[in-house]
Amino acid sequence: MRVLTHAGSVGLGVITYVAFTTLAISPVSAQQQERPVQLSLVTPVQIFPAEYAVKGFRLNLIYGRNAAFSGFDLGLANHVTPGPATGVQWGLVNLTESFIGWQDGVVNLNSGEFEGLQLGGFNSAGRINGLQLGLVNYSKRANGVQIGLVNIIKEGGTFPVMVIANWGFEK
């Protein structure tokens, strides 16, 4: 067991060294950076600053924020702003401005365009293009279907508020 503990410490040390060395020799500005992995305890305590984009895997132990994201996002609170987010996002709370893919959480908040599947207790999108499946679903506009206990489409839905299912197919 002692060997496994030592091996884990060495592995974490190597990961930390590589992360900080990569930061130190990087000549391009932070706003132009894209990293394959991000580990965050709570922003700003994360491997790379919030201004970096992540293309790959992101693990947010408590709360993580990055400028853009593409890949697999896992954590308690996942936040992507101002850039786009694409892929799979699993967390208790997911916050994005635009998203393409599968968002799964207790609370999913998307202030802009959402394309794909939102699955959760409360789902919200500026405009949904796909499926919202949850207890309460809200969308300002929709080109898709909502299935849940309460379904709200503020503009252009078949019904402004409906139980079980609601839909809107704007052009």
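The values are calculated or read from the model by the stated rules, or taken from the named source; none is laboratory data. All of these numbers come straight from a predicted model, not from anything done at the bench. Reconstructed Cβ throughout: ideal geometry from the backbone, glycine too, with neighbour counts over all protein chains shown.
Looking at V106, V54, V93, V88, can you tell me which residue is more than 30 Å from N151 (Cα to Cα) and in a strand (DSSP E or B)?
V54
Of all the residues that make up segment 112-131, how many are of a type in the set (A, V, I, L, M) and surrounded by fewer than 21 Cβ atoms within 10 Å (Cβ to Cβ)?
3
For segment 63-111: of the residues being within 16 Å of A50 (Cα to Cα) and among the hydroxyl-bearing types (S, T, Y), which is surrounded by the fewest Cβ atoms within 10 Å (Cβ to Cβ)?
Only one residue fits best here, namely T81.
Determine whether N151 is touching a residue at least 24 places away in the same chain (Cβ under 8 Å) and surrounded by 24 or more Cβ atoms within 10 Å (Cβ to Cβ).
So N151 fails the test.
From the list S139, S124, which one is among the hydroxyl-bearing types (S, T, Y), part of a strand (DSSP E or B) and touching a Phe, Trp or Tyr at 6+ places or on another chain (Cβ under 6 Å)?
After applying the criteria, what remains is S124.
In segment 63-110, what residues are within 19 Å of Q132 (Cα to Cα), in contact with an Asp or Glu (Cβ under 6 Å, 6 or more places away or on another chain) and not hydrophobic (A, V, I, L, M, F, W, C)?
Q89, S98
Output the number of the condition that G156 fails; it satisfies all remaining conditions of (1) over 17 Å from the mean Cα position of the chain (by Cα); (2) at pLDDT 95 or above; (3) of a type outside the set (F, W, Y).
Result: G156 passes all but (2).
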